[in-house]
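Worksheet: the structure to be examined is printed underneath.
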Ligand SMILES: CC(C)(COP(=O)(O)OP(=O)(O)OC[C@H]1O[C@@H](n2cnc3c(N)ncnc32)[C@H](O)[C@@H]1OP(=O)(O)O)[C@@H](O)C(=O)NCCC(=O)NCCS
């Protein structure tokens, strides 16, 4: 229950009106296909990230990542993604994919800095005129750089 409240708080501080509904966050915490990490700094729950495990296709999809504004640019997002990638390898997932808004420079830079490749664009993904970039990364243990 505590994690739920913290995740809602992080969501609201990062996405405002576009935050996930409480029911969806409950699902992220309860369904076993979802893997979550919560980052803590100075006794404060400062960020969280989640991926979906597609076990049949051996793929992961990054569902969300957010760090509270006061805790940004301290490496928390990078650390959370490194942790989740290790989880993906433990579950023998080969590829992680994600979508990010074309105007979201911090997140796009984050993914590029970690070796994600842009593999496509999705017009109007976030609503009219709000396109997304589709990105992928290979997370196999013996191919961590690609
Ligand atoms: C994107 C987000 C999660 C990054 O969190 P963070 O903890 O500040 O990121 P880190 O400190 O780990 O930064 C890692 C890299 O991201 C990039 N980055 C982060 N903030 C940036 C900014 N404001 N401008 C440009 N690049 C940025 C840089 O490449 C950085 O690496 P560097 O420090 O070596 O240059 C955070 O800005 C956030 O919560 N944004 C709102 C929610 C969101 O857009 N989520 C992504 C949805 S797809």
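The values are calculated or read from the model by the stated rules, or taken from the named source; none is laboratory data. Everything numeric here is computed off the predicted structure, so don't read it as measured data. Cβ placement follows ideal geometry from the backbone for every residue including glycine, while neighbour counts extend to all protein chains displayed.
Which residue pairs have Cβ atoms closer than 7 Å, lie 6 or more positions apart in sequence or on different chains, and pair a first residue in region 89-108 that is free of Cβ contacts under 8 Å to residues at least 40 places away in the same chain and closer than 13 Å to residue 136 by Cα with a second residue that is within 7 Å of the ligand (Cβ to nearest atom) and part of a helix (DSSP H, G or I)?
Partner pairs satisfying both residue conditions: 100/107.
Of all residues in region 116-131, which are within 12 Å of the ligand (Cβ to nearest atom) and either over 20 Å from residue 59 (Cα atoms) or surrounded by fewer than 17 Cβ atoms within 10 Å (Cβ to Cβ) (or both)?
125, 126, listed by residue number.
To keep it simple, each residue is scored yes or no on (1) in contact with a strand residue (DSSP E or B) (Cβ under 9 Å, 6 or more places away or on another chain); (2) closer than 24 Å to residue 6 by Cβ.
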position: 59; (1), (2): yes, no
position: 63; (1), (2): yes, yes
position: 78; (1), (2): no, yes
position: 92; (1), (2): no, no
position: 123; (1), (2): yes, no
position: 131; (1), (2): yes, no
position: 135; (1), (2): yes, no
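Could you check how many residues of region 88-100 are more than 13 Å from the chain's Cα centre (by Cα) and surrounded by fewer than 21 Cβ atoms within 10 Å (Cβ to Cβ)?
Looking only at that region, the number is 6.
Applying the selection to region 48-99, what residues are in a strand (DSSP E or B) and more than 10 Å from the ligand (Cβ to nearest atom)?
50, 51, 52, 53, 54, 59, 60, 61, 95, 96, 97
Pick from region 1-19 the residues that are touching a strand residue (DSSP E or B) at 6+ places or on another chain (Cβ under 7 Å) and surrounded by 14 or more Cβ atoms within 10 Å (Cβ to Cβ): which of them is farthest from residue 107 (Cα to Cα)?
Per the criteria, the residue is 3.
Would you point out the residue of region 34-47, among those that are away from the ligand (no atom under 14 Å from the Cβ) and surrounded by 13 or more Cβ atoms within 10 Å (Cβ to Cβ), that is nearest to residue 7 (Cα to Cα)?
Here the residue is 36.
May I ask you to list pairs of residues, at least six apart or on different chains, whose Cβ atoms are under 6 Å apart, with the first in region 57-74 being touching a residue at least 60 places away in the same chain (Cβ under 8 Å) and the second being assigned to a loop (DSSP other than H, G, I, E, B)?
Qualifying pairs under 6 Å: 60/93.
Which residue, of 38, 8, 25, is touching a helix residue (DSSP H, G or I) at 6+ places or on another chain (Cβ under 8 Å) and outside any helix (DSSP H, G or I)?
Unique residue meeting the criteria: 38.
Does residue 109 meet the test of being away from the ligand (no atom under 12 Å from the Cβ), within 26 Å of residue 12 (Cβ to Cβ), modelled with pLDDT of 95 or more and not in a loop (DSSP other than H, G, I, E, B)?
No: the conditions fail for residue 109.
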